[in-house]
1. Only one of these is touching a Ser or Thr at 6+ places or on another chain (Cβ under 9 Å) and part of a loop (DSSP other than H, G, I, E, B): GLY20, GLY16. Name it.
2. Within segment 66-80, track down each residue that is more than 23 Å from ASP2 (Cα to Cα) and in contact (Cβ under 8 Å) with a residue 40 or more places away in the chain.
3. Select from segment 51-80 the residues that are of a type in the set (A, V, I, L, M, F, W, C) and either within 23 Å of ALA15 (Cβ to Cβ) or in contact with a His (Cβ under 9 Å, 6 or more places away or on another chain) (or both) and list them in ascending order.
4. Quickly run through segment 127-165 and pick out the residues that are small (Gly, Ala, Ser) and either at pLDDT 90 or above or farther than 16 Å from ARG83 by Cα (or both).
5. Which residues, taken from segment 144-189, are small (Gly, Ala, Ser) and crowded, with 18+ Cβ neighbours inside 10 Å?
6. Mind checking which residues of segment 10-65 are touching a residue at least 24 places away in the same chain (Cβ under 8 Å), over 30 Å from SER135 (Cβ atoms), surrounded by 15 or more Cβ atoms within 10 Å (Cβ to Cβ) and small (Gly, Ala, Ser)?
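The values are calculated or read from the model by the stated rules, or taken from the named source; none is laboratory data. Computed from a prediction, not measured in an experiment: that's the story for all the values here. Reconstructed Cβ throughout: ideal geometry from the backbone, glycine too, with neighbour counts over all protein chains shown.
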Amino acid sequence: MDTEQFRAVIESAKAGEASGFEKLQELYSKRLYGYFFRATASHHDAEDLLSELMLRLVRTLSNYEHRGRFEPWLFRIAANMVRDRIRRRKARPTPISLSAQSDSGQTLGEQMPGRPVEIDADILAGELSESLQTSLEGLDVTTREMILLRYFGEMSFKELADIFECPIGTVLARVHRGLKALRKIMRRK
């Protein structure tokens, strides 16, 4: 979509036309959901945050002045919503890994009475996702947000620089150092 078409979509949504909001939702919901899911590690929270963001967009878009910076504006709102959600989130119990070995060297599935339990590939994928989520929590907040927005929100480094109001070199360095730290954390697990 070119700049003029996008400007028309923004103006349509600002005028309260459903087609404008639908187009914005079509353009951004997948990326926003990916960002929300990675940031919260919960499909429910990601859906909830996406719905809340769309409602907030309906209420606040009339105040937005389009100067070609809609995406950073939208993702800044999303990042603030995630920060608020995490701040309010209550402590959750530590998940139990079905493939982790106990002191006896057996997995939880092998310790259960009856026939051996085959661990489903989906469960293992879920555990890998949990491992990534836990590892991400080992990073400082700004670096974690930059990585999430870059790889799950599909933002460019320039857009991240706009969102975090810092030079692009700072963003590049933080993301690079963050990925390096993330690799170290995941190797230890």
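1. That would be GLY16, the only listed residue that is touching a Ser or Thr at 6+ places or on another chain (Cβ under 9 Å) and part of a loop (DSSP other than H, G, I, E, B).
2. Within segment 66-80, the subset more than 23 Å from ASP2 (Cα to Cα) is 77-80.
Answer for segment 66-80, where residues must be more than 23 Å from ASP2 (Cα to Cα) and in contact (Cβ under 8 Å) with a residue 40 or more places away in the chain: ALA78, ALA79.
3. LEU53, MET54, LEU55, LEU57, VAL58, LEU61, PHE70, TRP73, LEU74, ILE77 - these are the residues of segment 51-80 that are of a type in the set (A, V, I, L, M, F, W, C) and either within 23 Å of ALA15 (Cβ to Cβ) or in contact with a His (Cβ under 9 Å, 6 or more places away or on another chain) (or both).
4. Result: SER129, SER131, SER135, SER156, ALA161.
5. Within segment 144-189, GLY153, ALA161, GLY178 qualify.
6. ALA13
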